[in-house]
1. Can you name the residue in segment 65-93 that is over 22 Å from the mean Cα position of the chain (by Cα) and among the hydrophobic types (A, V, I, L, M, F, W, C) and is also surrounded by the fewest Cβ atoms within 10 Å (Cβ to Cβ) among such residues?
2. All but one of (1) closer than 15 Å to G169 by Cβ; (2) crowded, with 16+ Cβ neighbours inside 10 Å hold for K107, so report the exception by its number.
3. Does any residue of segment 33-52 turn out to be touching a Lys or Arg at 6+ places or on another chain (Cβ under 6 Å) and under 30 Å from A164 (Cβ atoms)?
4. So which helices (runs of 4 or more DSSP H) stay within segment 82-158 end to end and still have 1 or more residues that are out of contact with any helix residue (DSSP H, G or I) (no Cβ under 8 Å at 6 or more places or on another chain) and more than 25 Å from R43 (Cβ to Cβ)?
5. Answer yes or no: is there a residue in segment 34-54 that is in a helix (DSSP H, G or I), out of contact with any Cys (no Cβ under 7 Å at 6 or more places or on another chain), touching a residue at least 12 places away in the same chain (Cβ under 8 Å) and under 17 Å from C115 (Cα atoms).
6. Just one of A149, A168 is touching a residue at least 24 places away in the same chain (Cβ under 8 Å), farther than 19 Å from C8 by Cβ and over 11 Å from the mean Cα position of the chain (by Cα); which is it?
7. Filter segment 55-73 for residues that are assigned to a helix (DSSP H, G or I) and touching a residue at least 12 places away in the same chain (Cβ under 8 Å) and give the result.
8. When only residues in segment 33-61 that are touching an Asp or Glu at 6+ places or on another chain (Cβ under 8 Å) and within 18 Å of P106 (Cβ to Cβ) count, which is surrounded by the most Cβ atoms within 10 Å (Cβ to Cβ)?
Amino acid sequence: MDLEGYACHAEPPGTPVVVMAARLLREKGIEEFIEAARLVVARGVQARFLVVGDPDPGNPSSVSAEDVDRWKAEGVAEFLGFRRDIARIFRESHVVVLPSYREGLPKVLIEAAACGRAVVTTDVPGCRDAIEDGETGVLVPVRDVPALADALQALVEDPERRQAMGRAGRALAEREFAIEKVVDAHLEIYRRLLGSRQAGMDT
């Protein structure tokens, strides 16, 4: 990943902003995010919840436009639609969340770490590989709305912990996900393969 496009900035002042950026598929955990936001708001916690992304009508697991309209009318979260300026959105946020049921290695979590933002995500392959639990973010069980709400509330209410996780996340991104490191890792694989092939030819 090219970290230059995802600079690390101090958190903005004001009400903490929690953002989920993903296609609006049920398997991405959008319904759990909305339910967790409801719980946190019902507890009287001051926070804003943003959703970045659109439904995918061609995907059978997509939420519908009617779902989104209903959530908008409820007012528990703000829906920004599809956006390309994710780095700016993360810069203006405080916590990034991805309550997905399954993933590869989620690019959005790496981008959040690079921007110095604490992450809440699910303890599933891919998601757990993008963070260091308790250091750069918090893992919660998949489809566990109360646990998700508790983790979000804890970070919203603890700016020192949240900011420490953000700093650790940036360090993790620089250490593990910078494009130079990925290129070096691939080159090392190629060197080993070529070395093995040459050794086989010499025997």
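Read the figures in this text as sums done on the coordinates, not as results from a lab. Everything quoted here is computed from the prediction, not taken from an experiment. Here the Cβ is made from the backbone with ideal geometry for all residues, glycine too, and neighbour counts use every protein chain on show.
1. Restricting to residues being over 22 Å from the mean Cα position of the chain (by Cα) and among the hydrophobic types (A, V, I, L, M, F, W, C), the top hit is A73.
2. Answer for K107: the failing condition is (2).
3. The first filter runs over segment 33-52 and keeps only residues touching a Lys or Arg at 6+ places or on another chain (Cβ under 6 Å), leaving 52.
After this cut, where a residue has to be under 30 Å from A164 (Cβ atoms) as well, the list is 52.
Checked against the condition, which is being touching a Lys or Arg at 6+ places or on another chain (Cβ under 6 Å) and under 30 Å from A164 (Cβ atoms), segment 33-52 yields at least one hit.
4. Answer list for segment 82-158: 86-91, 107-114.
5. Looking only at segment 34-54, we keep the residues that are in a helix (DSSP H, G or I), and these are 34-42.
So of that shortlist, the ones also out of contact with any Cys (no Cβ under 7 Å at 6 or more places or on another chain) come out as 34-42.
From the residues that got through so far, the ones that are touching a residue at least 12 places away in the same chain (Cβ under 8 Å) too are 34-41.
Restricting the remaining residues to those that are under 17 Å from C115 (Cα atoms) gives none.
There is no residue in segment 34-54 that is in a helix (DSSP H, G or I), out of contact with any Cys (no Cβ under 7 Å at 6 or more places or on another chain), touching a residue at least 12 places away in the same chain (Cβ under 8 Å) and under 17 Å from C115 (Cα atoms).
6. Values: A168 fails: farther than 19 Å from C8 by Cβ.
Only one candidate passes the filter, namely A149.
7. Kept after step one, since they are assigned to a helix (DSSP H, G or I), are these residues of segment 55-73: 65-73.
Across segment 55-73, the qualifying residues are D67, V68, W71.
8. Among those that are touching an Asp or Glu at 6+ places or on another chain (Cβ under 8 Å) and within 18 Å of P106 (Cβ to Cβ), it is V51.
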